[in-house]
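Novice: Take a look at the following structure, please.
The values are calculated or read from the model by the stated rules, or taken from the named source; none is laboratory data. Predicted, not measured: the structure shown is a model, and the values here were computed from it. We place every Cβ from the backbone using ideal geometry, glycine too, and count neighbours over all the protein chains shown.
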Amino acid sequence: MSYSNESIAELVRPDSVHKSVYTDPEIFQLEMDRIYGHAWIYAGHESQVPKVGDYHTTRIGDQDVIMVRGTDGKVHVLYNRCPHKGAMVVARGDGNAGKFFRCPYHAWTFKLDGSHLAAPIRRGFEGTSFDPSSPEFSMRALARVESYRGFVFASQAAQGPSLTDFLGGVRSSIDNLCDRSPEGEVEVAGGVFKVMQPSNWKVFYENLHDTMHANVTHESSYTSARKQAESFDKMPLELHIMDGNGEPYEFWEKLSLMAFDYGHGYMEGIFNPGAIETDPVTRSHFETLVEAYGRERALAIMGENRHNTIIYGSGSPHTVFQQFRVIRPIAVDRTLVEIQTFRLKGAPEAVFKRGLMYANLINSPSSNVMPDDIELYGRCQQGNMTRGGDWVSQHRYAGTDKPIEGGMTSINGTSELPMRNQFNAWKQYMLGQV
């Protein structure tokens, strides 16, 4: 079918959504235009392109793009396309282009900001409309590119909210991640995991703040962790992390869920200050922060205990274990997740190693935890293809959300506020109201 704005609006109710938002390829293509063609989307981190000519390829929605460090020292984001025959200029991956990009098909060359540099045997264009100064003959740059504390975002739309306004209430999560470094800076390090999930991209975002699923979906991993812990006098951190999914509903109900404009949000728990005294890694980390910021500020930084932050359309930073799960839609039923791990500059090496441990334990393809989620995402995708019903429920604590500046907060940590908030933003994007 061809969707009108009226029919799109009917797909989202205050407490449920129509299953076609996950299964219809036509809706997926509209999302690539109306959401990913307009929103600020995370392209990568500046540390991935530290030197002039360094580039990192990625995707903005369904578009292949190149993030590159130009001769002006700035980070540019270009469509990965030569204007001559349309060939991808660089293969997917990372590298260094030197002083310019050179298309491997006919050797057209471009400056690092994408502008036309040269084409072989220029006399062959004499008497034609070929104009090297025209944007038509350059690699096209995305309409807007901005960096916030080293995190590079790009938008395909020339008009729209500024990056800082777009990030709004979750900007503080990026701040906290960076402030956990005594130098106030982080860098991508340790490699990147990539996981292809057989499901729609929106399911991942919903699950990030779905506190009702943990002790059901992850039962096998936390019961295994508890059994293994019986052979230790004290449960190791690795097992403790997996055991956390087995907390009773009463624990999850006490968490705070914050939902902001544009579909963003975060989940926050209570920080245990005793860890500073009892855990050597936490203590050494805290000491470096005290030296850099003073004790009061260091306590405030460590005290922000956010598990998953949602930057809708981009992914999920995890400030405590310095991760970023970058979510890239591939098709209506396929989603690529890239797990980046960050080093906190100036922090003890043990903090970075702990982050790597968490990535391997929770986010890697060989994890005992992530496959649980992937299995259920796939089952949601498959189940919604059946004739067993048309609507997906988001009823938990519907109608009880409380307004805050720039968004809403839940009265209970098991609320489905985050899902309702995401689809409110989805509807605004799809109707051209953002």
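Residues are listed down the side, and each one gets a yes or a no for (1) at pLDDT 95 or above; (2) surrounded by 16 or more Cβ atoms within 10 Å (Cβ to Cβ); (3) not in a loop (DSSP other than H, G, I, E, B):
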site	(1), (2), (3)
Pro365	no, no, no
Leu376	yes, yes, yes
Gly388	yes, no, no
Val392	yes, yes, yes
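Novice: Right, here's the next one. Is it fair to say Glu185 is touching a Lys or Arg at 6+ places or on another chain (Cβ under 6 Å), farther than 17 Å from Ser316 by Cα and touching a residue at least 40 places away in the same chain (Cβ under 8 Å)?
Specialist: So Glu185 passes the test.
Novice: Please note which helices (runs of 4 or more DSSP H) are completely contained in the stretch 197-286 and include at least 1 residues that are closer than 23 Å to Met302 by Cα.
Specialist: The qualifying helices (runs of 4 or more DSSP H) are 201-208, 237-243, 249-253, 275-278.
Novice: Ok, one more. One residue is enough: does the stretch 70-90 have a residue meeting the conditions surrounded by fewer than 16 Cβ atoms within 10 Å (Cβ to Cβ) and either at pLDDT below 95 or within 22 Å of Gln29 (Cβ to Cβ) (or both)?
Specialist: yes
Novice: Which condition does Val332 not pass, out of (1) in contact with a strand residue (DSSP E or B) (Cβ under 9 Å, 6 or more places away or on another chain); (2) closer than 25 Å to Arg420 by Cα, if it passes all the others?
Specialist: (1)
Novice: Is there any pair linking a residue in the stretch 284-306 that is over 15 Å from Gly184 (Cα atoms) to one that is among the hydroxyl-bearing types (Ser, Thr, Tyr), with Cβ under 7 Å and at least six apart or on different chains, and which?
Specialist: These pairs meet every condition: Glu304/Thr319; Arg306/Ser173; Arg306/Tyr266; Arg306/Thr319.
Novice: So, in the stretch 303-353, of the ones that are of a type in the set (S, T, N, Q) and in a loop (DSSP other than H, G, I, E, B), which residue ends up modelled with the lowest pLDDT?
Specialist: Asn305
Novice: Kindly provide the set of residues from the stretch 385-407 that are over 29 Å from Ser4 (Cα atoms) and touching a Lys or Arg at 6+ places or on another chain (Cβ under 8 Å), ordered by number.
Specialist: Asp401
Novice: Test Glu349 against the stated conditions and say whether it is surrounded by fewer than 14 Cβ atoms within 10 Å (Cβ to Cβ) and either touching a residue at least 60 places away in the same chain (Cβ under 8 Å) or outside the structural domain of Phe204 (by TED's automatic domain parsing) (or both).
Specialist: Answer is no for this residue.
Novice: Now for a separate question. Assess whether Phe324 counts as being touching a Pro at 6+ places or on another chain (Cβ under 6 Å), closer than 30 Å to Val290 by Cα and of a type in the set (A, V, I, L, M, F, W, C).
Specialist: Here the answer is yes, as Phe324 does meet what is asked.
Novice: Considering only residues that are over 25 Å from the mean Cα position of the chain (by Cα) and aromatic (Phe, Trp, Tyr), look in the stretch 365-401 and name the one that is farthest from Met419 (Cα to Cα).
Specialist: Once the filter is applied, the top-ranked residue is Trp391.
Novice: Could you please let me know if Met212 is in contact with a Lys or Arg (Cβ under 8 Å, 6 or more places away or on another chain), farther than 12 Å from His307 by Cβ and at pLDDT 95 or above?
Specialist: yes
Novice: Still on this structure, please answer the following. For Arg59, state whether it is of a type outside the set (Gly, Ala, Ser) and surrounded by fewer than 21 Cβ atoms within 10 Å (Cβ to Cβ).
Specialist: So Arg59 fits the description; yes.
Novice: Could you figure out which of (1) within 20 Å of the chain's Cα centre (by Cα); (2) under 30 Å from Thr400 (Cα atoms); (3) of a type in the set (D, E, K, R) isn't true of Arg13?
Specialist: (1)
Yes or no, residue by residue, for (1) within 32 Å of the chain's Cα centre (by Cα); (2) of a type outside the set (Gly, Ala, Ser):
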position	(1), (2)
Phe101	yes, yes
Trp108	no, yes
Ser115	yes, no
Ile121	no, yes
Phe125	no, yes
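Novice: I'm checking my understanding of the structure. Among residues of the stretch 17-50 that are among the polar types (S, T, N, Q) and out of contact with any helix residue (DSSP H, G or I) (no Cβ under 9 Å at 6 or more places or on another chain), which one is farthest from Glu146 (Cα to Cα)?
Specialist: The residue in question is Gln29.
Novice: Also: Test Thr217 against the criterion of being hydroxyl-bearing (Ser, Thr, Tyr) and free of Cβ contacts under 8 Å to residues at least 40 places away in the same chain, and give yes or no.
Specialist: No.
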